[in-house]
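The values are calculated or read from the model by the stated rules, or taken from the named source; none is laboratory data. Model, not experiment: these values are computed from the prediction. FYI the Cβ positions are ideal-geometry reconstructions off the backbone, even for glycines, and counts take in every protein chain you see. Heavy atoms of the whole protein, side chains included, go into the accessibility calculation; ligands, DNA and RNA do not. Shrake-Rupley method; radii C 1.70, N 1.55, O 1.52, S 1.80 Å.
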Amino acid sequence: EKFGVQIRDANEKVVDESQVVIVATKPQDFFEAVEPIATSFGPEHTVISLAAGIQLMSLKKILFECENIVRVMPNVPVKVKAGMVGYI
């Protein structure tokens, strides 16, 4: 409530109600998290992936309807609030 964050009980609802979706999972959990909702994404969505090591081609393959996919690579010092994030 303090930050105005809204909670949804299903990831499909999050995608349906959003234009930009940030997928912030560990790489080993990425496909398990995204595959069940992949068909919910359309050309109007922008997906920002923070899953290190998941290549752009893999993202495009699973999110084939999505035209805007961004990879963001956090580095290790981010854990201690002394890092940076780059995107490609």
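Under 6 Å between Cβ atoms, at least 6 apart or on separate chains: pull out the pairs that start in the range 7-19 with a residue that is closer than 14 Å to Phe41 by Cβ and end on any residue that is exposed (fewer than 13 other Cβ atoms within 10 Å of the Cβ).
Hits for this filter: Val14/Arg8.
Pick out, from the chain, the strands (runs of 3 or more DSSP E) lying fully within it that include 1 or more residues that are touching a strand residue (DSSP E or B) at 6+ places or on another chain (Cβ under 7 Å), open to solvent by 70 Å² or more (accessible area, probe 1.4 Å) and of a type in the set (D, E, K, R).
none
Any idea which of (1) more than 11 Å from the chain's Cα centre (by Cα); (2) at pLDDT 95 or above is the one Thr46 doesn't satisfy?
Result: Thr46 fails condition (1) only.
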